[in-house]
1. I'd like the full set of residues that are within 18 Å of residue 147 (Cα to Cα) and touching a residue at least 60 places away in the same chain (Cβ under 8 Å), limited to segment 177-187.
2. Might you let me know whether segment 191-199 holds any residue that is outside any loop (DSSP other than H, G, I, E, B), modelled with pLDDT of 95 or more and under 29 Å from residue 120 (Cβ atoms)?
3. Go through segment 122-151 and give me each residue that's surrounded by fewer than 17 Cβ atoms within 10 Å (Cβ to Cβ) and either under 17 Å from residue 74 (Cβ atoms) or of a type in the set (A, V, I, L, M, F, W, C) (or both).
4. Tell me, yes or no, whether segment 171-187 has at least one residue that is surrounded by 13 or more Cβ atoms within 10 Å (Cβ to Cβ), modelled with pLDDT under 95, more than 19 Å from residue 91 (Cβ to Cβ) and of a type in the set (Lys, Arg).
5. Give the residue that is nearest to the chain's Cα centre (by Cα), with candidates limited to residues of segment 33-88 that are polar (S, T, N, Q) and more than 23 Å from residue 127 (Cβ to Cβ).
6. Report those helices (runs of 4 or more DSSP H) wholly inside segment 15-121 carrying at least 1 residues which are in contact (Cβ under 8 Å) with a residue 60 or more places away in the chain and not small (Gly, Ala, Ser).
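The values are calculated or read from the model by the stated rules, or taken from the named source; none is laboratory data. Predicted model, so just to flag it, every value in this text is computed and none were measured. Positions of Cβ are generated from backbone atoms using ideal geometry, with glycine treated the same way; all protein chains shown enter the neighbour counts.
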Amino acid sequence: MTTAPASDHQPTPSTCDDAVVVQDTVRWLERAVIGLNLCPFAKGVHTKDQIHYAVSHATDGRELLQDLQRELEALAEASPEKRDTTLLMAPLAMPDFLDFNDFLELADELVEAMDLAGILQVASFHPHFQFEGTLADDVSNCTNRAPYPTLHLLREESIDRAVEVFPEAEEIFERNIEVLERLGMQGWKALDVGARCPMGHGAVGGNKPDAKGGA
């Protein structure tokens, strides 16, 4: 799968395809995750072209679980030097954050059933992510927000190595909250890291390439 080049063209729902979903995710990664240093581990795999981007056309949890299984298998079999991590975007599935949050339990059960526990793990991002006890427009929620519902497949060994390099890793979350609070919601919106494709069934057109490569 190829990563589509960045474009200033604003797509309509009828022209929204996988390339646009990947472009939006790359823009979020570069401007927010790396640009604000929300994850100090992201820049390395990005610059080394070790991030695999996959777009799921699933419209429900059952279909998304099938796509997740396929991507977990592919990541487990791939060389870490060529593919260290995977971002699986699901623009058509679970626009409701609570539904997506419930799905994550199934994702963890799948990792266990595939005997990949301790080898791979699944993290997540959602455009409507909300910490318990916060308001929807609280900027702190943006630490876990991405343009589309996204599953982040990680290698446990890579996490261990990253923690060795960044021993203060447990402090990253607190620092991120401070960064976002200084930025404010208007500053976050000014980053322009939202989705250009509307979420939900039927929102994305028919091209389904496999996206591989750094953002």
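1. The answer is 180, and nothing else.
2. No, there is no match, as no residue in segment 191-199 is outside any loop (DSSP other than H, G, I, E, B), modelled with pLDDT of 95 or more and under 29 Å from residue 120 (Cβ atoms).
3. 123, 131, 135, 136
4. yes
5. 50
6. Details: elements: 18-28, 42-47, 61-77, 97-113.
In segment 15-121, the matching helices (runs of 4 or more DSSP H) lie at 18-28, 42-47, 61-77.
For every residue, the table says whether it meets (1) buried (at least 23 other Cβ atoms within 10 Å of the Cβ); (2) modelled with pLDDT under 95.
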site: 27; (1), (2): no, no
site: 35; (1), (2): no, no
site: 40; (1), (2): no, yes
site: 64; (1), (2): yes, no
site: 70; (1), (2): no, no
site: 85; (1), (2): no, no
site: 89; (1), (2): yes, no
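To keep it simple, each residue is scored yes or no on (1) in contact with a helix residue (DSSP H, G or I) (Cβ under 9 Å, 6 or more places away or on another chain); (2) among the aromatic types (Phe, Trp, Tyr); (3) closer than 25 Å to residue 53 by Cβ.
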residue	(1), (2), (3)
129	yes, yes, yes
146	yes, no, yes
157	no, no, yes
160	no, no, yes
188	yes, yes, yes
192	yes, no, yes
